[in-house]
Amino acid sequence: ELWVSLEEYQDALELIMSKYRKQMLQLLEGRKREDAEPVLKVHLANSGEIESQIDRICEMREVMRKAVQMDDEQFFKVQEKLAQLELENKELRELLLNSKEYFEMGREDLPD
């Protein structure tokens, strides 16, 4: 759920950035080059900051994906071990039951 939420957040952020870039281009085209310089500098600064945040989000997503993968692997190992122990337990119970039956049959054959 966390992974899906992170991907949705990243998609929303990319959509916002594309709209922001479109508006900035429209602004820049409508103004003179001299008037656009400060806006362009702010845009570049914001763009760099947002880019670094997107990179951090991508890194977090990758870390979380690896954590989920490791957790899944551990879960499957535990499930496999549990199944193995249940099978061994069943076999040991059968051996115990057989040995009890054999012991009881041996007692019946002994004279009182």
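Hey, what angle do you get for helix 2-30 against the long axis of the chain, alpha-carbon based, 0 to 90 degrees rounded to 10?
Helix 2-30 sits at roughly 10 degrees to that axis.
Could you work out how much longer the chain between MET17 and LEU92 gets when fully extended? Use 0.36 nm per residue separation minus the Cα distance between them, nm to one decimal.
Stretched fully, the MET17-LEU92 segment lengthens by 20.6 nm.
Counting Lys and Arg as +1 and Asp and Glu as -1, what is the net charge of the other residues whose Cβ lies under 13 Å from the Cβ of GLU7?
My count for the surroundings of GLU7 gives -3.
For the chain, what is the mean residue ellipticity at 222 nm derived from helices alone (per DSSP H run of n ≥ 4: -39500 (n - 2.57); sum divided by total residues; nearest 500 deg cm²/dmol)?
About -35500 deg cm²/dmol.
Evaluate E = 1/(1 + (r/R0)^6) for GLU59 and LEU82, where r is the Cβ-Cβ distance and R0 equals 25 Å; express this FRET efficiency to the nearest 0.05.
Step by step, r from the Cβ atoms, then E = 0.10.
With a sphere of radius 13 Å drawn around the Cβ of ASP71, what net charge do the other residues whose Cβ falls strictly inside it have (Lys, Arg +1; Asp, Glu -1)?
+1
For TYR102 paired with GLU7, estimate the spin-label separation in nm (one decimal), with each label point 7 Å from Cα along the Cα-to-Cβ line.
5.7
How large, in percent, is the carbon and sulfur part of the accessible surface of the chain at a probe radius of 1.4 Å?
57
For the chain, what is the accessible area per residue in Å², given a 1.4 Å probe and the full set of protein chains?
Per-residue accessible area for the chain comes out at 90 Å².
Between helix 33-109 and the chain, what is the angle of the helix's C-alpha long axis to the longest principal axis, kept within 0 to 90° and rounded to the nearest 10?
0
So how strong a dipole does the chain carry about its Cα centre when Lys and Arg Cβ are +1 and Asp and Glu Cβ are -1, to the nearest 20 debye?
1140
The values are calculated or read from the model by the stated rules, or taken from the named source; none is laboratory data. As the structure is a prediction and not an experimental result, all values here were calculated from the model. Reconstructed Cβ throughout: ideal geometry from the backbone, glycine too, with neighbour counts over all protein chains shown. Just so you know, the surface numbers come from the protein's heavy atoms only, side chains and all, with ligands and any DNA or RNA stripped out. Shrake-Rupley method; radii C 1.70, N 1.55, O 1.52, S 1.80 Å.
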